[in-house]
Amino acid sequence: MIPLPVLEDITDRSGIAPRIEVLLPVGVRARQLLVRTLLLGMLTVLADHRPAHLTRVHQALVTLPEDDQRRLGVIADWKHGPHRLTYRQTERTFGLVTGVLAKDEPDGLPTTLLQRTCDDLLEASIPDEFKNASTSLAVDWTDVETFSRPPSRGTRDCADPEASWGHRAGGGPGQDSELFFGYYASAATMMRDEHGPAVPELARRMTVCSCRHDPARALVPVLTAMPAAGTGLGDILADSGYAHRDAEAWAIPLRASGAELVQDLHPNDRGPRGTHHGAIIANGNLYCPATPTTLLELGSLARDATPEQANAHDQQTAETARYKLGRITSDDADGYHRVMCPAAMGKIRCPLRPASMRLDRGRPEILTPPEHPPACCTQQTITVIPDVAAKTRQKHDYPSKEHRKSYARRTGAERTFSTTKDPATNNISHGWTRLMGLTPVTLWLTCLLAVRNQRILTAWDTRQAGDARRAAAGLPPKTRRRRRRKTLASLAAAAPP
């Protein structure tokens, strides 16, 4: 159970309560339940592993110690004596809050005020010592079912008109995906920088959209607004679901905000994809026209690869890097930069570059140069326009060893949603909240991630204290045991005859 003072500190530091309070209508009689107390009740319910029901909020508030009830306005002095908060008052205040945060004409996307409220509440749940500990974020989306029954076939009439049909991973054997009715929830989780210390995996940003909208496009304005709020963008770790989006929808705006992309490429985006001034466009880079096709079509390392296979794969990707045209300038204001022939840079030997033939024979050699050399072979450098590999360009060469190690941090995004779907805590499956509409669902999910951050911090402090005790005793820090992945072939080989 998270102490009430901790939840009060999060609410006060976010500053969202007074900002919403001034927007609410003023009646003849003053409202007993303030926005600050309502948010505390929602956080308390989720911290106690209870469903996101307004009846639970009322129950949590009226069961607080009497001193806290009076301080928070749950018990107020009326004309005929003390009056304890009723459920109708709780429902009324929540309705007013969601009313001012919602759009007049709902379209399945949050308002600017609602998104700012979510950002401020999550940011307030992160202690000051971790706000600048890392700039890397792992992003992902998940399904959130609405409590409403889906509309009848051929109609759109239901209790939650903002919800829509979406796809999620299938739960049955051989079931790749299945349909659900509700929303997509996206989250950006703090991960350690590539060469930085470990950090707690705290959810820093989130957003919710109807399934009729693209969750990747809905998350982009949330991330690109972070630098203006004082939080710089570093590595953005994303799977192929994000990388496969149009460059204008995902990669370009993030790069313009200072982010570095570390993502898995979709199978349709891997390998050679056209040329630029004769150079082959492959996996986000430009390569020599004489690069062996087997190197350009090299895929990612299999998850069950042996150490020998991993070493062989790393040698192939290192050889592929020798054929890559090297960047010699950074992007200018319009996104243009220049690259140089790998032979001119001394990485390979090529008869078209006589100086490179004096290099040692340990470097790859072009035996059959193009009969009609293109511009990338005749010029010392070429200019690369922003449209070239705009979608697939990223921080590390795909699928190199450096990319594999950096991309491995992305699993933190999956752990974020696994903790929100844990039946032992707060399971956001169907029925976790009976409120319908984008705004109520978004508000509850934001409170849930803020509470989840406190649980992560508690576990982090416990591990740090344990490591300190082991260090004082002269013992090494406790490390996680890696799970061995067994294949059917290995089990069959180990079976007795």
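General remarks:
- Q59 sits among other residues whose Cβ lies under 11 Å from its own Cβ, and their net charge, with Lys and Arg +1 and Asp and Glu -1, is +1.
- Take every Cα pair under 8 Å whose residues are at least 6 apart in sequence, average their separation, divide by the length of the range 201-352, and the relative contact order is 13 percent.
- All C-alpha to C-alpha distances of the range 311-403, sorted into 10 Å bins beginning at zero, yield P(r) values of 15, 40, 35, 9, 0 percent in whole numbers.
- Two-site FRET efficiency, H49 against E371, from Cβ-Cβ distance with R₀ of 60 Å, rounded to 0.05: 0.25
- Extending 7 Å from Cα along the Cβ direction at D214 and again at T294 yields two label points whose distance is 3.7 nm.
- Stretchable slack from Q379 to A318, in nm (0.36 nm times residue separation minus alpha-carbon distance): 19.5 nm
- Reachable aspartates and glutamates from K391, criterion Cα separation under 17 angstrom, eight or more residues apart if same chain: D214, D235, D239, D246, E248, E260, D264, D269, D331, D334
- Cα centroid of the range 268-288 to Cα centroid of the range 84-142, whole Å: 42 Å
- The range 169-318 - Rg and Dmax from Cα coordinates, angstrom: 18.4, 51
- In degrees, nearest ten, helix 112-124 long axis to first principal axis of the chain (Cα): 90 degrees
- Calculated over the chain: convex hull of Cα atoms, volume per residue (Å³): 227 Å³
- Compared with the dominant Cα axis of the chain, that is its longest principal axis, helix 411-420 is turned about 20°.
- Here the range 1-137 yields Rg over Rh of 0.99, to two decimals, using C-alpha coordinates and the Kirkwood radius.
- The chain, relative contact order [Cα under 8 Å, separation at least 6], %: 16 percent
- Estimated 222 nm signal from helices in the chain, with DSSP H stretches of n ≥ 4 weighted -39500 (n - 2.57), rounded to 500: -10500 deg cm²/dmol
- Taking every alpha-carbon pair under 8 Å whose residues sit at least 6 apart, the range 71-173 reaches a relative contact order of 15 percent.
- Available extension along the chain between D304 and T86 is 72.7 nm, counting 0.36 nm per residue and deducting the alpha carbon span.
- With viscosity 0.692 mPa s and temperature 37 °C, the Kirkwood radius over alpha carbon pairs of the range 96-192 converts through Stokes-Einstein to a diffusion coefficient of 200 µm²/s.
- Of all accessible heavy-atom area on the chain, the percent that carbon and sulfur account for (1.4 Å): 53 percent
- Potential lengthening of the chain between R13 and R71 amounts to 19.0 nm, from the contour at 0.36 nm per residue minus the alpha-carbon distance.
- Its Cα gyration tensor gives the range 329-474 an equivalent ellipsoid. The semi-axes, each the square root of 5 times an eigenvalue, are 53, 25, 14 Å from largest down.
The values are calculated or read from the model by the stated rules, or taken from the named source; none is laboratory data. For clarity, every value in this text was computed on a predicted model and none was experimentally measured. FYI the Cβ positions are ideal-geometry reconstructions off the backbone, even for glycines, and counts take in every protein chain you see. Keep in mind that these areas ignore ligands, DNA and RNA; they rest on the heavy atoms of the full protein, side chains included. Shrake-Rupley method; radii C 1.70, N 1.55, O 1.52, S 1.80 Å.
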